[in-house]
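Encoded as structure tokens, the structure appears first; notes follow it.
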């Protein structure tokens, strides 16, 4: 009896193994060609989807502006840092800036700043046209329902690490852009400074 049960279990195990090889063997071969950090970043994104129920929340980086920092000071700081680092501001969409959601009858503050480094953009588009869909880099300034002010941008980890490894020089450029974008946000939110040599992102 025991021998029969073990034989059945062994047969089931072989069937399952064969199924996995047939259905996922090719996939695993493709996964092995991705950047070594790719799956970790995909799992982080999926965990955020599970935690929040929102795909949007999983694909962004957000920073709360300190209560003692004015919205205009935060914006001026970010624009100044961008200029100091040869990062052009190529757009300023003032969608709703004349009031605050905290004002009686007021509207939610919404403004989107766009930035670009043309030489970097050209190289990435030449490498793969699809990278152009991520450009220009954008920072959203927005109030939540309680009137707290937030800075949002696209989380850049999957763009950098989500596919096959980028050529070394392009990887370095992408990491520098990420560091600048994240550093601008952190400095703007806290009325702080940005030092590219000290930034850890």
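Consider the range 103-135. How many of its residues are in contact with a strand residue (DSSP E or B) (Cβ under 8 Å, 6 or more places away or on another chain), within 23 Å of residue 73 (Cβ to Cβ) and surrounded by fewer than 18 Cβ atoms within 10 Å (Cβ to Cβ)?
Of all residues in the range 103-135, those in contact with a strand residue (DSSP E or B) (Cβ under 8 Å, 6 or more places away or on another chain) come to 107-118, 134-135.
From what is left, the residues that are within 23 Å of residue 73 (Cβ to Cβ) are 107-115.
With the extra rule that they be surrounded by fewer than 18 Cβ atoms within 10 Å (Cβ to Cβ), the set shrinks to 107-108, 110-112, 114.
Qualifying residue count, the range 103-135: 6.
In the range 68-100, how many are more than 14 Å from residue 184 (Cβ to Cβ), at pLDDT 95 or above and out of contact with any strand residue (DSSP E or B) (no Cβ under 8 Å at 6 or more places or on another chain)?
Of the residues in that region, 3 qualify.
Residue 162 passes all but one of (1) surrounded by fewer than 17 Cβ atoms within 10 Å (Cβ to Cβ); (2) over 12 Å from the mean Cα position of the chain (by Cα); (3) in contact (Cβ under 8 Å) with a residue 24 or more places away in the chain; which number fails?
Failing condition for residue 162: (2).
Could you check the range 165-178 and list, in sequence order, the residues that are part of a loop (DSSP other than H, G, I, E, B) and either out of contact with any helix residue (DSSP H, G or I) (no Cβ under 9 Å at 6 or more places or on another chain) or surrounded by fewer than 17 Cβ atoms within 10 Å (Cβ to Cβ) (or both)?
Our first condition is that a residue be part of a loop (DSSP other than H, G, I, E, B); within the range 165-178, this holds for 165-167.
Scanning the range 165-178 gives 165, 167.
It is to be established whether one or more residues within the range 157-179 are at pLDDT below 95 and within 23 Å of residue 103 (Cβ to Cβ).
Taking every residue of the range 157-179 in turn, none turns out to be at pLDDT below 95 and within 23 Å of residue 103 (Cβ to Cβ).
Condition test on residue 188, is it touching a residue at least 12 places away in the same chain (Cβ under 8 Å), surrounded by 15 or more Cβ atoms within 10 Å (Cβ to Cβ) and more than 17 Å from residue 130 (Cβ to Cβ)? Spell out the reasoning first.
Details: touching a residue at least 12 places away in the same chain (Cβ under 8 Å): yes; surrounded by 15 or more Cβ atoms within 10 Å (Cβ to Cβ): yes; more than 17 Å from residue 130 (Cβ to Cβ): yes.
It is true that residue 188 is touching a residue at least 12 places away in the same chain (Cβ under 8 Å), surrounded by 15 or more Cβ atoms within 10 Å (Cβ to Cβ) and more than 17 Å from residue 130 (Cβ to Cβ).
Could you list, in sequence order, the residues of the range 112-134 that are in contact (Cβ under 8 Å) with a residue 60 or more places away in the chain and over 30 Å from residue 99 (Cα atoms)? Steps first, please.
From the range 112-134, those in contact (Cβ under 8 Å) with a residue 60 or more places away in the chain are 115, 117; that's our starting set.
Across the range 112-134, the qualifying residue is only 117.
Take the range 135-159 and flag every residue that is free of Cβ contacts under 8 Å to residues at least 60 places away in the same chain and not in a loop (DSSP other than H, G, I, E, B).
Within the range 135-159, 137, 138, 140, 142, 143, 159 meet the criteria.
The values are calculated or read from the model by the stated rules, or taken from the named source; none is laboratory data. Being a predicted model, the structure only gives us computed values, none of them experimental. Glycine gets a Cβ as well: all are built from the backbone with ideal geometry, and neighbour counts include every protein chain shown.
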